[in-house]
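Worksheet for the structure shown next.
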There are 2 protein chains.
Amino acid sequence: MKRVAVLGSTGSIGVQALDVLEGGGWGYYVPLLTCGRNIGLLRGQIKRFRPEAVAVLRKEDAEAVRREHPDVDVYHGEDGILEAIEKTDFEIAVNALVGISGLRPTMKLISKGRVRIALANKETLVTGGRIVMDSAAKAGVPILPVDSEHSAVLQALRGNGKNKIKRIILTASGGPFRGCTREQLETVSVKDALSHPNWAMGNKISIDSATMLNKAFEVIEAKWLYSVAPEKIDVLVHPQSIVHSIVEYDDGAMMAQLGSPDMKLPISYALTYPERRDAGARKLSAADMCSLTFEEPSAEARRALNLAYGVLRELAATSKDSPAIVLNGANEALVEMFLGGRIRFVDIVDILEKVINSHIPVRTMEIEDIIEIDLQARTDALRLAGLA
Amino acid sequence: MKRVAVLGSTGSIGVQALDVLEGGGWGYYVPLLTCGRNIGLLRGQIKRFRPEAVAVLRKEDAEAVRREHPDVDVYHGEDGILEAIEKTDFEIAVNALVGISGLRPTMKLISKGRVRIALANKETLVTGGRIVMDSAAKAGVPILPVDSEHSAVLQALRGNGKNKIKRIILTASGGPFRGCTREQLETVSVKDALSHPNWAMGNKISIDSATMLNKAFEVIEAKWLYSVAPEKIDVLVHPQSIVHSIVEYDDGAMMAQLGSPDMKLPISYALTYPERRDAGARKLSAADMCSLTFEEPSAEARRALNLAYGVLRELAATSKDSPAIVLNGANEALVEMFLGGRIRFVDIVDILEKVINSHIPVRTMEIEDIIEIDLQARTDALRLAGLA
């Protein structure tokens, strides 16, 4: 019987993680669920999983849940999640929180120790990569990636011991606007940008997929997860989303992981690694594989990716890691502005370039530095968007 | 310094294995070379590699080599190879012999012990699979596949411990006649059949690729190398020969190995496994991967493959392993007849079906049984071709 905490249980990955746990046929218990404001969904999850503890964002929601479930420990607020992590026992934590709010809980999990982190929260590594990986290594806490690309890389690295990596090739579907010109992108709507061709995902990550910022963040994540130099991380556009990523070795062999575009597969791999369990992900047929294509990213896509490579080059040259935090924070703010109809789609990358160019890189020492740089980046983004 | 014997050093794989050893930049010495009648090429190899011993087929060739190189131990005849294996010290043997003549040397290597066998000789496993694998397991002699498909499977299995294999998918280029109808195949020439679109190989294996018998033999080999049931071995036609094979696991993840169609890669992997060394195989570019296609084998291709599945079903049901020997022996004889212009291309599979249908399966007990069944199959093939 494994005890698995699910942080961010009402988001897209959280919901699928609970489905995997329920449907996988392996012994599990979910002692802790945390969510933001989606109390309606949380209520159903409490009935389904009977957790010992839950954490929610708002005090009034906490009080309501406490009245309905006097046997459940209910925490609230950002510190509430941390307290819930501290006081609840579990062996695996799925961190499916969205945005930089996932960073402190990751650090709390690491300091708690004796836990495996199945990490779906990209921002943890994009913003806190060095501090997080150093702390996790010291604490002996394994961090297993939940996104499909880094899970594929992990699978392709297995059994290769110290074999030299020539390249990690992250595949990208190219999103809904693959191959579009700048001119075409100028008029896209929020609805267009949310319509991903292959994956059903939350709003934030759908927009990031459309701008290619999602892939840019994955480039930064790959650096932290697999300790590779930026020039060894490549991106190839693969519109079918069947090959989830590739590792090329020095002998010229490439190991690739293929699967249907179904998050159940990387979620269950992170939970059971290095074993595999069938979590009910759809199986590929020969028809799914009839034609797999790969192409270099377009000039527009390159612009977003170059933001990540710039960040990593700065880091390699000077050890200053703040630009990644700025990129992430400004992007979060800009995506919200776009979803709110306050800026155009093309403004996201345009303004990001400006925010990054106006930022003076520093080296962070602790989580507080990260939070501060993140807030400043959001303010800068708002200002450069002409909205502050 | 590794001592590596190369059996069949003047054939296509033997020559490439020597190139890998010479070019790989890792310490090696080749104490033993063996070949058939290609003494001209062998002479050059003796000068290049300064082996302690060589074995050739004919007595007169042995005498000539002995006169030229009095410091080299020279053996001849089929027993000469066995004696050379017995008396020479080495840690790795590349068995790149062609046809069933590779079987006894493999058994000799196993009984000698303390050696890794890099096996390019398919017939060893197709005809002697059970006896060979049992003996190798008892002797603790590892058998590493040299062909690109089984090397890909081995690479895709690494790091998966006891994870359940759902399917092994062997890829097939489809050869020069991919998608051809029976009618079109009726008039193909020897030259047409030797023109493989992707791989430069010896004559025998080129014809086997054109008939799909090569893939049929690989299906049988996969059974022996990886202990999987016949229904778990699939074949997909992949004309680009970039994805060399795929292993699908129970969770739906597929691990694939990609590389340029260059035998240096699987040869060096068999030599250095589980490490990798760059042997100078051409590296894949994004352009090589621009479109990778997969399709089910055509009806004509299925006929050849079904011969292998029939053999494996018989084996699974009754433990009788002779049909694979018959398939291999009759095919060797028929390919010779085709290359000699005595039968048509389509006759190969037609007559193979007849030979298999007229054979009464038995279970072999020792290598002598295999040799006897093989000879009978050749006679039967000649008779059914109307040439005896």
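Numerical summary
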quantity	calculated
Cα gyration tensor shape for the protein assembly as shown, rounded if a/c is under 1.5, else prolate or oblate	prolate
Qualifying lysines (Cα of each under 22 Å from Cα of B:LYS122; at least 8 residues distant if same chain)	B:LYS108, B:LYS112, B:LYS138, B:LYS204, B:LYS215, B:LYS223, B:LYS232, B:LYS264, B:LYS320
Listed residue (A:MET201, A:GLY23, A:TYR249) projecting farthest to the positive dipole end of chain A, Cβ model	A:GLY23
Relative contact order of chain B, defined on C-alpha pairs under 8 angstrom at six or more residues apart (%)	15
Cβ-placed point charges (K, R +1; D, E -1), dipole of segment B:2-145 about Cα centre in debye, nearest 20	220
Using distinct alpha-carbon pairs, which all enter the 1/r mean, Kirkwood radius of segment B:1-106 in Å	13.3
Per-copy distances of the B:ILE360 label point, shortest first, in nm (7 angstrom along Cα→Cβ)	9.5
For segment A:301-320 versus segment B:118-157, the gap between their alpha-carbon centres in whole angstrom	46
Reachable aspartates and glutamates, given that their alpha-carbon falls under 12 Å from the alpha-carbon of A:LYS354 and they are not under 8 places away in the same chain	A:ASP380
Mean separation of Cα contacts under 8 Å, 6 or more apart, over the residue count of segment A:319-388: relative contact order %	52
Mean ellipticity per residue at 222 nm, deg cm²/dmol - from DSSP H runs of n ≥ 4 across chain A, formula -39500 (n - 2.57)	-15500 deg cm²/dmol
Relative contact order (percent, whole number), segment B:1-160, Cα cutoff 8 Å, 6+ residue spacing	19
Copies compared at B:GLY386 - label distances in nm, ascending, label defined 7 Å from Cα in the Cβ direction	8.7
Average projected area [Cα convex hull, segment A:237-388], square nanometres	13.0
Gaussian network model of chain B, Cα within-10 Å springs - most flexible of B:THR364, B:THR106, B:THR187	B:THR187
Size of electric dipole in segment B:70-206: Cβ of Lys, Arg +1 and of Asp, Glu -1, about Cα centre, debye, nearest 20	920
Whole-angstrom Cα spans of segment A:103-158 along principal axes, big to small	29, 21, 16
Test item: A:255-262 mean partner chain Cβ contacts at 10 Å	6
Using a 7 Å Cα-to-Cβ projection, A:THR187 label spacings across copies, nm, ascending	5.6
Positive-end residue, segment B:309-388 charge dipole about Cα centroid, Cβ charges, pick of B:LEU382, B:PHE345, B:THR364	B:PHE345
Among B:ALA324, A:PHE49, B:ALA229 the positive-end extreme of the charge dipole of the protein assembly as shown (Cβ point charges)	A:PHE49
Identity and axial distance of the chain B residue whose Cβ lies nearest the axis relating B to A, Å	B:GLY159, 1
Shape category assigned to chain A from the gyration tensor of Cα positions, a/c cut at 1.5	rounded
Shape category assigned to segment B:319-388 from the gyration tensor of Cα positions, a/c cut at 1.5	prolate
Dipole in debye (nearest 20) - the protein assembly as shown, about Cα centre, beta carbon charges: Lys, Arg +1; Asp, Glu -1	660
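No value in this document is a laboratory result; all are computed from the given coordinates. Please read these numbers as outputs of a predicted model, since none were measured by experiment. Here the Cβ is made from the backbone with ideal geometry for all residues, glycine too, and neighbour counts use every protein chain on show.
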